[in-house]
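So the structure is just underneath, and the comments pick up after that.
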Amino acid sequence: MKPELDDICLLAKQAGQILSAGLGKRHQVTQKGLQDDPVTEIDRQSEQFILERLAVLAPGHTVLTEESGLHNGNTEHTWYIDPLDGTMNYAHDIPFFGVSIAYAHQNQLTMGVIYDPMRDECFYAEKGKGAFCNGRPIHVSAETNLRSALMSTGFSMKLVEMGKDNFTVFKHFMLKSAGVRRMGSAALQLAYAAAGRLNAVWQMSLSAWDVAAGFVIAEEAGAVISDLQGGPDFFKPPYEFLLANKELHPILLEELKIAMQKSESSHEIG
């Protein structure tokens, strides 16, 4: 049984109420895996709520969630859940975080919902049907000038473990563009790019639940997404990507290659 997009939007909004109700309260913050990768009791409460609802809405489906991992089921139907994207922001009472839910049918991402409870903004899309925010169609920006482009990225602790350097790339684009933001929520930065608020996004080393919903929404909004070498196979580990409109994307890809060569050269010298 395939889900309805309206049901996913409602589920994200209900989970978002859990997040907004807990903001500003004292949290039980623990570290998982790598250092500086926090999790709160609200992450777990939101995830448990989503899992309980999916057991009713989509019984027997496979679910991959950030906190409890893989829940095996019918692999024809797979869900990617981030119950609180932006936990570091949340734990510090910074009101920029959200819920991200994506659905894949036969290994193809087909629906995505990202909900920001602090602004009551629900970004959503179904493959082939366009992208929306609170009922209004959204589209990527029409910016074609790199110098005027506002970009966004992030710095996962995985980069340290994998020996990757995003700081050199960050500096390169800071000098070439209108600026680069580190927003602290991969899902919301993808939603913002889909809505034309950001002109481009690149990321290194994320997880499936960080990007699945955002990829559906951004592509339906007209974004071109590739891996960091320009290839089309970007929804796979380590979930690295470059996203922009079709005119800006090739320009950014060439600059990205230059920046990554600089990064490699600095490591060789070091």
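The table below lists the values:
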{"read-out": "Within the stretch 81-140, trypsin sites (Lys or Arg not before Pro) in DSSP loop having at most 10 other beta-carbon neighbours inside 10 Å", "value": "none"}
{"read-out": "Which of Ala149, Ala200, Cys122, positive extreme of dipole for the chain (C-beta unit charges)", "value": "Ala149"}
{"read-out": "Helical mean residue ellipticity (222 nm; -39500 (n - 2.57) per DSSP H run of 4+; nearest 500) of the chain", "value": "-11500 deg cm²/dmol"}
{"read-out": "Zero-based 10 Å bins, Cα pair distances in the chain, whole percents", "value": "7, 31, 36, 21, 5, 0"}
{"read-out": "FRET E, pair Lys2, Asp120, Förster distance 41 Å, beta-carbon r, rounded to 0.05", "value": "0.90"}
{"read-out": "Extended-chain gain in nm, criterion 0.36 nm per residue less alpha-carbon gap, His139 and Ser20", "value": "40.1 nm"}
{"read-out": "Computed over the stretch 146-269, Cα set: Rg, Dmax in Å", "value": "13.2, 43"}
{"read-out": "The stretch 1-122: relative contact order in percent, alpha carbon pairs under 8 Å with at least 6 residues between", "value": "26 percent"}
{"read-out": "Cα-based helix-to-principal-axis angle, 5-22 vs the chain, degrees rounded to 10", "value": "90 degrees"}
{"read-out": "Residues of type aspartates and glutamates that Lys176 reaches as a straight line, Cα spacing below 16 Å, ignoring anything fewer than 8 places off in the same chain", "value": "Glu143, Glu254, Glu255"}
{"read-out": "Of Phe167, Ile217, His105, farthest towards positive along the dipole that unit charges on Lys, Arg, Asp, Glu beta carbons give the chain", "value": "Phe167"}
{"read-out": "The chain: angle of helix 167-176 to the longest principal axis, Cα-based, in degrees nearest 10", "value": "70 degrees"}
{"read-out": "Euclidean distance between Cα centres, the stretch 42-59 to the stretch 158-213, Å", "value": "28 Å"}
{"read-out": "The chain - charge dipole about Cα centre, Lys and Arg +1 at Cβ, Asp and Glu -1, debye rounded to 20", "value": "540 debye"}
{"read-out": "Cα-based convex hull, the stretch 1-151, per residue volume (Å³, whole number)", "value": "145 Å³"}
{"read-out": "Percent of beta bridges antiparallel (DSSP, the chain, rounded to nearest 5)", "value": "75 percent"}
{"read-out": "Cα long-axis angle, helix 41-57 against the chain (0 to 90 degrees, to the nearest 10)", "value": "60 degrees"}
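Readers should treat all values here as calculations from the given coordinates under stated rules, not as data from a laboratory. Just so it is clear, the structure is predicted and the values come from calculations on it, not from any experiment. Positions of Cβ are backbone-derived with ideal geometry, glycine not excepted, and every protein chain shown enters the neighbour counts.
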